Each structure stands twice: as C-alpha cells, then as structure tokens.
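Have a look at the structure below, then the notes.
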C-alpha cells in the first residue's frame, strides 16, 4: 500500500487526485479496504502514467557470475540494454519465457544458458540480414 503513495507522489498526484483515481478504478477510497488485486490494479495504473518499467537494469551480481558476464557481453555486441531481456512488450519477457523467473540473476544456470543461446541466435540472425 505504501508503494501506491510513493508512486503517486513520484507521478505528482496529490492525495485528493490519488483518492479520486482509486475510486475510479476500484470504487474504494481507502487503501485498507482494497484487496491485493485492487492495490495491484491501482499501482499498475499509476506506473503506466509515469512510464515506470520496474528495475530492468544491470544486475548487481554480474562481476561474480560468468554467465551474467557472457550475457552482458552479448547484449553489448548487439547494442541492447539489459531491459531487452527483462521487459516484454507484448507478453512475458525473454527471461520469464526462458527461465520462469522475473530477473536473470534469480535464474538457474540452465535458465541463464537458455538466455545465452537465445542471444547468440539473435546475433547470428542479425549477421545474416
């Protein structure tokens, strides 16, 4: 619930505007009266307004993980940001599809290997074109 207040403040919404938004989306003015699904709905709506896409940046553990270093190198060769593997435009992200996890640093070694293979295939495909 605190996340909604923080996101609303970051979006420049006043408390009254946030309450109006909550009522429009859920029919409830109080965060305490909302279900988890309703809180998620409001938070997602505010995040869409601000363009917030989550933490899709470089993992902090890259230096300690050889597979993450390989992924970083492949992304650099392809001139792609880390967001490329963490964000899905029309569905789940590459990481979610290949590993079942939301973040690459949470994936197993097999999951990271699948992402490496996918990036290598993308690089080969771009070389052919």
Quick check, is residue 86 in contact (Cβ under 8 Å) with a residue 12 or more places away in the chain and surrounded by 12 or more Cβ atoms within 10 Å (Cβ to Cβ)?
yes
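Taking the condition at pLDDT below 85 and exposed (fewer than 12 other Cβ atoms within 10 Å of the Cβ), does residue 27 pass?
Taking the combined requirement at face value, the residue does not satisfy it.
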Members of the range 3-20 that are surrounded by 14 or more Cβ atoms within 10 Å (Cβ to Cβ) and closer than 13 Å to residue 50 by Cα:
4, 7, 8, 11, 13
Give me the residue from the range 71-83 that is touching a residue at least 12 places away in the same chain (Cβ under 8 Å) and under 18 Å from residue 125 (Cβ atoms) and, out of that set, farthest from the chain's Cα centre (by Cα).
77
Give the residue, chosen from 68, 75, that is crowded, with 16+ Cβ neighbours inside 10 Å, out of contact with any helix residue (DSSP H, G or I) (no Cβ under 6 Å at 6 or more places or on another chain) and either part of a loop (DSSP other than H, G, I, E, B) or modelled with pLDDT of 90 or more (or both).
75
Looking at the range 97-110 only, could you name the residues that are surrounded by fewer than 18 Cβ atoms within 10 Å (Cβ to Cβ) and farther than 18 Å from residue 65 by Cα?
97, 100
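The values are calculated or read from the model by the stated rules, or taken from the named source; none is laboratory data. Remember, it's a predicted structure, so these values are computed and weren't measured experimentally. Neighbour counts are summed over all protein chains in view; Cβ atoms, including those assigned to glycine, are modelled from backbone coordinates with ideal geometry.
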